[in-house]
Amino acid sequence: MPNVFRRVHAPVVTAVTLCLSKAGDEVKGEVKLADGRQFSTTGVLPIAQAFGIAVHVANEGGMEIVVIDPQSAWKPSWGTLEG
């Protein structure tokens, strides 16, 4: 069963937010996590590293992973992106 992720337009306080960006064919990711009302970030990372961090943090905290993808960088092999 493929993983299902939800597309959002801004970071979500109750979730791990994966922000995607694309330069040419290269996709990068940035993970944002709320600490109260402030968001902390990993900074821009290679997509595999960012995705790994997002999954780890979400699993540890029992949180959903949501995705900001303004450049349509999402690849179907990563799972289903709804919204």
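The values are calculated or read from the model by the stated rules, or taken from the named source; none is laboratory data. Just so you know, these numbers come straight off a predicted model, no measurement behind them. We place every Cβ from the backbone using ideal geometry, glycine too, and count neighbours over all the protein chains shown. Surface accessibility is based on the protein's heavy atoms, side chains included, excluding ligands, DNA and RNA. Shrake-Rupley method; radii C 1.70, N 1.55, O 1.52, S 1.80 Å.
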| note | Taking segment 55-69 and keeping residues surrounded by 12 or more Cβ atoms within 10 Å (Cβ to Cβ) and either over 14 Å from Val4 (Cβ atoms) or of a type in the set (Phe, Trp, Tyr) (or both) leaves His56, Val57, Gly61, Met63, Ile68, Asp69
| Are there any pairs with C-beta distances below 7 angstrom linking a residue in segment 55-83 that is under 13 Å from Val12 (Cβ atoms) to a residue that is assigned to a loop (DSSP other than H, G, I, E, B) and open to solvent by 80 Å² or more (accessible area, probe 1.4 Å), with the two at least 6 apart or on different chains, and if so which? | Met63/Thr14; Ile68/His9
| remark: Among residues of segment 70-83 being surrounded by fewer than 18 Cβ atoms within 10 Å (Cβ to Cβ) and not in a loop (DSSP other than H, G, I, E, B), the residue nearest to the chain's Cα centre (by Cα) is Trp78
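How about segment 1-69: which strands (runs of 3 or more DSSP E) wholly inside it have at least 2 residues that are under 20 Å from Glu82 (Cβ atoms)?
Working: elements: 4-7, 15-23, 26-35, 38-41, 64-68.
Output list reads 4-7, 15-23, 26-35, 64-68.
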| said: Looking only at segment 23-41, filter to residues that are under 17 Å from His56 (Cα atoms) and open to solvent by 70 Å² or more (accessible area, probe 1.4 Å); which one of those is modelled with the highest pLDDT? | reply: Thr41
| Somewhere in segment 12-22, is a residue open to solvent by 30 Å² or more (accessible area, probe 1.4 Å) and touching a helix residue (DSSP H, G or I) at 6+ places or on another chain (Cβ under 9 Å)? | no
